[in-house]
1. Working from Cα positions, state the angle (0 to 90°, nearest 10) between the long axis of helix 2-21 and the longest principal axis of the chain.
2. Nearest 0.05, what FRET efficiency do residue 61 and residue 20 give at R0 = 22 Å with Cβ-Cβ as r?
3. May I ask for the angle, rounded to the nearest 10°, between helix 51-97 and the longest principal axis of the chain, with both axes built from Cα atoms and the value confined to 0 to 90°?
4. Which Rg and Dmax, in Å, describe the Cα atoms of the chain?
5. Compute the whole-percent fraction of alpha carbon pairs in region 45-92 spaced more than 15 Å apart.
6. For region 1-24 and region 33-65, what is the centre-to-centre distance using only Cα atoms, to the nearest Å?
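Every number here is computed from the coordinates shown, using simple stated rules; none is lab data. This one's a predicted model, so the numbers in the text were calculated from it and none came from an experiment. Here the Cβ positions follow ideal geometry from the backbone for every residue, glycine too, while neighbour counts run over all protein chains shown.
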C-alpha cells in the first residue's frame, strides 16, 4: 500500500507542475495516472489504511482540489482575455474598413 501512496504522491506533484507550466496535455496524462492509482488503491481487497495513510490521502485530495481551483481560475482568466482580444480585433477591423 505504501508504494501506491508514494506513486500517487508523485503523480499529484507532476500534475501540479504541469498545470503551473501550462502544459495541459501533460497535465491530462498525469490526471489519468492519478485516477488510475486512486482506483487501484480503493479497489484493493486488503484496504486496511493506517491513520497516517488516511492523512496522506486527505493531503493528496486537498492538493488535487487546490489544483482544480487554480485551473478554474486560469480558465476564467483566459476566457476573459480571449474575449477582450476578439473584441479588440473586431474594433480594429471596423477601423480599417473606414
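1. Roughly 10 degrees, rounded to the nearest 10.
2. Values: r = 19 Å, r/R0 = 0.86.
The formula returns an efficiency of 0.70 here.
3. Result, in degrees: 10.
4. Every Cα atom of the chain included, Rg and Dmax give 20.2, 74 Å.
5. On the way: 746 of 1128 pairs.
So the portion of pairs separated by more than 15 Å is 66 percent.
6. Each part reduced to its Cα centre gives a spacing of 13 Å.
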